[in-house]
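For reference, the structure is listed below as structure tokens.
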2 protein chains.
Amino acid sequence: MGSLASFDEVENVFSNNVNPLDPEEFRSQGHMIIDFLADYYQNIQKYPVLSQVEPGYLVKRLPTTAPYVAEPVEAILQDVQQHIIPGITHWQSPNYFAYFPSSGSVAGFLGEMLSTGFNVVGFNWISSPAATELESIVMDWLGQMLDLPRAFLFSGNGGGVLQGTTCEAILCTVTAARDRMLLKVGRDNIGKLVVYASDQTHSALAKAAKIAGIDPKNFRAIKTKKSAAFGLSPESLRHAISIDVKAGLIPLYLCATIGTTSTTAVDPLIPLCDVAKEYGMWVHVDAAYAGSASICPEFRHFIDGVEGADSFSLNAHKWFFTTLDCCCMWVKDPSSLIKSLSTNPEYLRNKASDSKQVVDYKDWQITLSRRFRAMKLWLVLRRYGVANLRNFLRGHVKMAKRFEDLVAGDGRFEVVVPRYFAMVCFRVPPSALPFRNQVGNDETRANEFNRELLETVNAAGRIYMTHAEVDGIYMLRFAVGASLTEDKHVIMAWKVVQETVDAMLNTL
Amino acid sequence: MGSLASFDEVENVFSNNVNPLDPEEFRSQGHMIIDFLADYYQNIQKYPVLSQVEPGYLVKRLPTTAPYVAEPVEAILQDVQQHIIPGITHWQSPNYFAYFPSSGSVAGFLGEMLSTGFNVVGFNWISSPAATELESIVMDWLGQMLDLPRAFLFSGNGGGVLQGTTCEAILCTVTAARDRMLLKVGRDNIGKLVVYASDQTHSALAKAAKIAGIDPKNFRAIKTKKSAAFGLSPESLRHAISIDVKAGLIPLYLCATIGTTSTTAVDPLIPLCDVAKEYGMWVHVDAAYAGSASICPEFRHFIDGVEGADSFSLNAHKWFFTTLDCCCMWVKDPSSLIKSLSTNPEYLRNKASDSKQVVDYKDWQITLSRRFRAMKLWLVLRRYGVANLRNFLRGHVKMAKRFEDLVAGDGRFEVVVPRYFAMVCFRVPPSALPFRNQVGNDETRANEFNRELLETVNAAGRIYMTHAEVDGIYMLRFAVGASLTEDKHVIMAWKVVQETVDAMLNTL
């Protein structure tokens, strides 16, 4: 070991020999970061919401190699302030109205800290019983809050699990559905399996199906119509299935969405599940964004019919205050997941697992290692309670309604699709634009106008919205849900939109 | 909206109307948790390392529903102390020697706090340019530290990405390899694709291959031998491939491991890559545990030959201080990942992505949403620097060597396989046990004795180790790597083992 000794001699000069988890360093530096982040939230409105940097900005500002010698936390935080924050799109800003929210909260953050602090790897029960058991408990709690049928709860022989994201929830359930079907029809028929959804369904489904080995040409994105508010029509589904069945294909999986990404459209679960049932298909309900709202009695009806589905998921990191990532998924038949996803290597064997008295969540998901995510969901549920959580969500819906009213009150704008939750899709319609003497299609020109409107607004940095394009209509999406957003921010946002349109119309 | 108003009236009585991300609440409560966790680390040795609770302990202690009214943080923390901590297996304890380490550090924790605090959803560049650019930069830094061939770095037209875990890294690369091959041979041949590895390879591979639609009967776990220290023999690989090719099957993917889970065996990359190359297979190098060691020049030789592979991954959350989860993966040909995993829904379109000047990491992984994991890797690299990081790892290796020497110095024990890194596999061999007058196989009896030894040690709670069973030999695994572990803990652990064996032998 002579060479080891000589390496040591050189490098000890440059190393500080502090234990990497020294409790007092942890304490003093932890407090520094808390203050840094508290200040960040206090000053967040000073930054442009959408980062204004150019591609490649950071490589010009950072060294090309890792430092050889340790650097103080103060220096790193200074660089975070100077070099990282300018490159951040501030999802926590009260003026963030883009995509869907990434709803941070104090409780969610505290839960994440505890989870990270314990830093357990809860793949099976024995590796940290509390991680597994708390997860089962809070998933039953939240399932009850959503009024999910008992069949989805542990108390009803189903069960809930925390995935990272909806993409994982869908991939797990597609895989389980696939293996269940292949067992019946034989592996050779994998090329005949067909997955169904609407053309508004999240791209996660097509990707998951592809990863699971479903032939991409057997993915049906069934066309929706504006007249049905972009919900999936059961008749269209039945029609698509019947064509496939006649062609010798095998219907496998339907993904119905509650609150689509583009326009928060809602697929009608009851009739869709009826159709799927006839063909023995797996039905997954993707309520990634809008599912949370169902803890409010007045919004529960949107998931009516979930009793006919096999699995249901929502992203608590979207609109339920847990910080990324935390996807809540329930299944009626955990054994179908376990059959597809279990592994039992010798080095993980233990008495508790062998006894079959415990849940080993590694068999409910793609990965082996898993974080103690239940901690943050538990913190959110307890720190706020059902009453506050309902009111938080209602507050967002009310603010969106306020924005919708402002849009509707200005004759130059239109609300493009019905607003169900806390997102408004709007645009300046062709009728409001002085295009009549010009060549070209009015809709195309309106799309161009709205695209420019969005780009102008976002480039100014005061607010950030994104867009959707559905049925040929380009629209702006105004999604309320950032935790810091208050009425005044919504009103300011509307002013920014109006002023931008004023200026644009003046130069036309 | 009359019903909404009446709900409000009821629930406002029970809600506190505080903003869920109020900066001053964040500050005061954040400080509370920092102190709670600092105290936890200070007192961690007081707890049994392996949780001693019984299945179902927690459901008896917690309410059956979520609270309706908000609860104070103080009450929640009291419950964490009373009800959660007893159910935790303390991976951060200095007396934790089980599985592989889950190496927490102050810097990793601080990085996680910043990542959680900004709470951006960095699916594409525009959604937070700093998240993407910092990731590319630190992956090039770490790639250089490991002396990876330039072809794996962005500066050499490859590139690195942070996955959650190795399971995801393997699933992504299996999927990319599958699609590349199917493009050549046609989709109908998916049932002919074969995946190869040794019988020591992590169960992640079989699971990933199954998820990706590879027929489980086409998964080859090639037998390894004790005489080759459980490394995969290139001759055995070639033999297995040639049988498959003769049978009309198509070799697809080889997973070689640097530091297997059971015994930290090392597969010989150079000859394995040569064999794989002949058949046009994708080679992934899974260095989940041991890869980190290659930042030390004296351990770099273990990954010699990586230049012949297509992809390489290590878990920074195992033995590189980032906290769970943080899997570092590099590929030579990012386009093969992107071809399989990209999605381009309209609602994510933006000028930067359209310009093709930026990396959109969503197309390098399974999920769309992704956390700002680069922050913690950056913090770890800067806060400690290369010199400290090398010395941390060397410290663990030295402690394992110390333990190995102690085992070897006690005639009743044997070190079962060569120790390469910071993990020692040992047992009480049959020759040390007074079985000669009893019926039954000596090896079986030794296995029983060692199983009981491990259970007795773990039940006492002073240390926690796990086991492996390879080639019919049950052995105890002593993995050094918890950040708080010092020499004295290793020496104490050895005493615990010796005393337990003393007592067991006395009663035989």
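For chain A, the dipole from Cβ point charges (+1 on Lys and Arg, -1 on Asp and Glu) about the Cα centre works out to 1360 debye, to the nearest 20. Summing charges over all other residues whose Cβ lies under 14 Å from the Cβ of A:Thr263, with Lys and Arg as +1 and Asp and Glu as -1, gives -2. Working from the Cα coordinates of segment B:121-371, the gyration tensor eigenvalues give, after taking √(5λ), semi-axes of 29, 23, 15 Å in decreasing order. Residue-wise HN-Hα couplings along segment B:201-215, as the Karplus relation 6.51 cos²θ - 1.76 cosθ + 1.60 with θ = phi - 60° gives them from phi, are 5, 4, 4, 4, 5, 4, 5, 4, 4, 5, 4, 6, x, 6, 4 Hz; Gly and Pro carry x. Here A:Glu486 and B:Lys488 are evaluated by their C-beta separation; at R0 = 56 Å the FRET efficiency comes out at 0.55. Across segment B:279-410, the convex hull enclosing all Cα atoms gives 162 Å³ per residue.
Over all pairs of different C-alpha atoms, segment A:2-87 has a mean inverse distance whose reciprocal, the Kirkwood radius, equals 16.1 Å.
Rg/Rh for segment B:30-135 (Cα atoms only, Rh after Kirkwood) is 1.05. Within 10 Å of the Cβ of each residue in A:168-178, the mean number of Cβ atoms contributed by other protein chains is 2. Using the empirical formula 2.2 N^0.38 Å as the baseline, the Cα radius of gyration of segment A:114-160 reaches a ratio of 1.29. When the pairs A:Lys207/A:Lys351; B:Lys46/B:Lys318; A:Lys246/B:Lys362; A:Lys207/A:Lys401; A:Lys339/B:Lys318 are compared against a 26 Å limit on Cα-Cα distance, A:Lys207/A:Lys351; A:Lys246/B:Lys362; A:Lys207/A:Lys401; A:Lys339/B:Lys318 fall above it. Placing pseudo-labels 7 Å out from each Cα toward the beta carbon at B:Tyr57 and A:Arg412 gives an inter-label distance of 6.6 nm. Across the protein assembly as shown the C-alpha pair distances fall into 20 Å bins from zero in the proportions 13, 46, 34, 6, 1, 0 percent. Extension gain for the segment A:Thr507 to A:Glu74, taken as residue separation times 0.36 nm less the Cα-Cα distance, is 151.0 nm to one decimal.
DSSP beta bridges fully contained in chain B are about 55 percent antiparallel.
Counting only DSSP beta bridges whose two residues both lie in the protein assembly as shown, roughly 55 percent are antiparallel. B:Glu486 label point (Cα plus 7 Å toward Cβ) to equivalent points in the other copies: 5.0 nm, shortest first. Sorted from closest to farthest, the other copies place their B:Thr444 label points 8.2 nm away, with each point set 7 Å from Cα along Cα→Cβ. Mean per-residue shielding of peptide B:78-88 is 4, counting Cβ atoms of other chains within 10 Å of each Cβ. Partner shielding of B:489-501 amounts to 0, given as the average count of beta-carbon atoms from other chains within 10 Å of each residue beta-carbon. Using the alpha carbons alone, the radius of gyration of chain A stands to its Kirkwood radius in an Rg to Rh ratio of 1.01. Of all chain B residues, the one whose Cβ lies closest to the rotation axis that maps B onto A, given with that distance rounded to whole Å, is B:Gly213, 1.
What is the local net charge at B:Met375, summed over the other residues whose Cβ is closer than 14 Å to its Cβ (Lys, Arg +1; Asp, Glu -1)? Within the 14 Å Cβ shell, the charges total 0. Taking the square roots of five times each eigenvalue of the Cα gyration tensor of segment A:321-365, the equivalent ellipsoid has semi-axes of 23, 14, 10 Å, listed largest first. Each Lys and Arg Cβ is given +1 and each Asp and Glu Cβ -1; about its Cα centre, segment B:121-371 then shows a dipole of about 640 debye. Label-point distances for A:Gln42 to the equivalent site in the other copies, using a point 7 angstrom along Cα→C-beta, read 2.7 nm when ranked shortest first.
Net charge in the neighbourhood of B:Cys425 (other residues with Cβ under 10 Å of its Cβ; Lys, Arg +1, Asp, Glu -1) is +1. Computing Rg and the Kirkwood Rh from the Cα coordinates of segment A:386-507 gives a ratio, Rg/Rh, of 1.00.
Between A:Gln42 and B:Lys339, the modelled label-to-label distance comes to 5.4 nm, taking each label 7 Å out from Cα in the direction of the beta carbon. In the frame of its principal axes, segment A:125-188 has Cα extents of 42, 30, 22 Å, reported largest first. Going from the fewest other Cβ atoms within 10 Å to the most, the residues A:Thr224, A:Thr444 appear in the order A:Thr444, A:Thr224. Listed from fewest to most Cβ neighbours within 10 Å, the set A:Lys226, A:Lys401 follows the order A:Lys226, A:Lys401. Shown here for segment B:17-63: trypsin sites (Lys or Arg not before Pro) in loop regions (DSSP other than H, G, I, E, B) with at most 14 other Cβ atoms within 10 Å, namely B:Lys60.
A Förster distance of 41 Å, applied to the separation of the beta-carbon atoms of A:Ser227 and A:Glu455, puts the FRET efficiency at 0.85.
Since every read-out is calculated from the coordinates, none of them should be taken as a lab result. Here the structure is a predicted model, which means the values were calculated and not measured. Neighbour counts run over all protein chains shown; Cβ positions are idealised from the backbone, glycine included.
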